[in-house]
Structures are given as C-alpha cells and as structure tokens.
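What follows is a short report on a single structure.
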Amino acid sequence: MKILSRDFTLRERLLIVALAIILVGLFYYQFVDQPVRTALNSAKAEQQSLQMELESARVQVERVNSMRAELDEIEASGVKSRMESYNNSKKELALLNDILAAASEYTITFAEVTRDKDQIRRDFTLQFIAQDYGTVEKILAELAKSPYRCLVGDISCTGSSRSVEENKINVSVTATFFETMVGGVEDAGLPADTDAGNEEEGINYNDLA
C-alpha cells in the first residue's frame, strides 16, 4: 500500500501557523480574557456599591449627630415647658399628631406609665417616614420645644435607598413626657410608686416641675 505524502509549502505552513495563532487567540479571549474582564467589572461594580453604602452611612451618622447636637442645645437653652398634672395623655397625643403631620406616615406607641413619687414618666416611641432630613429636623425640634416637659432619647434614621439626600427617611425616636401627681387625679391606669426610698435619699422632684 502506497502512502501519499508531501512536504507543506511555505505558504501552507504560514497559513497553518496563522490558523493556530487565531485558535489560540480565540481560546484565550473566550476562556481567559472574557472571564477576567467580567470578574473585574463585577468587582468594580461591587466596590462602587460599597462606596455608595459607606457614603450613605457617613451622611446618616453626620445628620443624626447634627440633630442630636441641636436637641442638646435646645435642652441646654432652658426652653420653657411645663410639667402637666397626671393624666395629660390626650393632650400629649394630640400634640404628637400635630407635630407628625409633616411626615408621610407615622405610628405612635406609648409604653406603660411609670411612677416615682409624684413624678410620672410616660415613655413613647415615634416611627415615621419623612421626605428629607429637613423634615426630620423640623419634627424633632418641635418635639424638643414641646410645651409639655419632654425628653428626647434615642434617634435612628435609615435612608430608603443609597441616596439618603433624595429619598424618604425612616425614623425611630424614643422620648418621654413627664407629668406630676401635684393637681392630678389618680385612676386605674396609675401605677404604684416604683421607688419609695428616693425621698429618704434627698431627691426633690419639685425641682423638675
């Protein structure tokens, strides 16, 4: 049996080499270059997303600290407020509804009343949605300047998206209304005195009125 064979011409060799280079290039592009580019683009997108989240968190912290400082300044300035007689809850609730009218939506939750001698503490939580931080500041300032003795506690603000400057703000605030039994009328909702020994320790609750 005769086997036909011949040497490749120079032109054919060059074509084979060119074809091999093309095949290697296609293999590199498909299985090396493209996956690496995709991974790099994904890493860049994730980095940008994390940077946006960090910037959002930084802005939130700065705005909350600013509001906290403003509230502390209001309290330190000695804004005139009065400690109403027990039970002032209806007027306090009406006041909160008026203050929160600027919010998109809100809920008000009162905790159980606590009593310490003649002092009554009415803790409550506000959860509301505001269009921007300006609205949040306005609501908190009005709460701090309440005509009824009120102490604002914890404040939590969360943007509904990464762009906290342009989207709705979810806010949670804890605060306390103070009332006094002086001039108040006891009812079924009035708890027992939680600390009868404070009077012996020299605490004068009349100073809080």
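The values are calculated or read from the model by the stated rules, or taken from the named source; none is laboratory data. From a predicted model like this one, the values you see are computed outputs, not experimental measurements. Please note: Cβ atoms are built from the backbone with ideal geometry, for glycine as well, and neighbour counts cover all protein chains shown.
Filter the stretch 162-209 down to the residues that are modelled with pLDDT of 90 or more and of a type in the set (Phe, Trp, Tyr), then identify the one that is surrounded by the most Cβ atoms within 10 Å (Cβ to Cβ).
Phe177
What are the residues in the stretch 100-114 that are among the β-branched types (Val, Ile, Thr) and more than 30 Å from Asp193 (Cβ to Cβ), if any?
Step one: filter the stretch 100-114 for residues among the β-branched types (Val, Ile, Thr), giving 107-109, 113-114.
Thr107, the sole residue that qualifies.
From (1) among the acidic types (Asp, Glu); (2) touching a strand residue (DSSP E or B) at 6+ places or on another chain (Cβ under 9 Å); (3) at pLDDT 85 or above, pick out the condition that doesn't hold for Asp98.
Evaluating Asp98 over (1) among the acidic types (Asp, Glu); (2) touching a strand residue (DSSP E or B) at 6+ places or on another chain (Cβ under 9 Å); (3) at pLDDT 85 or above leaves (2) as the failure.
Condition check: more than 16 Å from Ile155 (Cβ to Cβ), part of a helix (DSSP H, G or I), charged (D, E, K, R) and in contact with a Ser or Thr (Cβ under 9 Å, 6 or more places away or on another chain). Does Glu92 satisfy that? Spell out how you get there, then give the answer.
Numbers: more than 16 Å from Ile155 (Cβ to Cβ): yes; part of a helix (DSSP H, G or I): yes; charged (D, E, K, R): yes; in contact with a Ser or Thr (Cβ under 9 Å, 6 or more places away or on another chain): yes.
Yes: the conditions hold for Glu92.
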